[in-house]
Amino acid sequence: MHEILPGLYHWTAIHPKIEVPVSSYWLDEAGVLIDPLVAP
């Protein structure tokens, strides 16, 4: 997981159905996950 802007985190994980890396994001201040998959 990498902080790409203050409070905005990005990571990739393998999608279990399509078996390719996909991106997920966490907005810390708002407590929002976007397209969440568990980080490796």
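Only the coordinates and a few stated rules stand behind these numbers; no lab work does. Computed from a predicted model, the values in this text were never measured in an experiment. So basically every Cβ, Gly included, is an ideal-geometry build from the backbone, and we count neighbours across all protein chains shown.
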TODO: Just order 27-35, 5-13 by mean Cβ neighbour count inside 10 Å, highest at the front, would you?
DONE: 5-13, 27-35
Task: Given [x] 55; [y] 86; [z] 146, the label whose value is volume of the Cα convex hull per residue in Å³ derived from this model - done: [x]
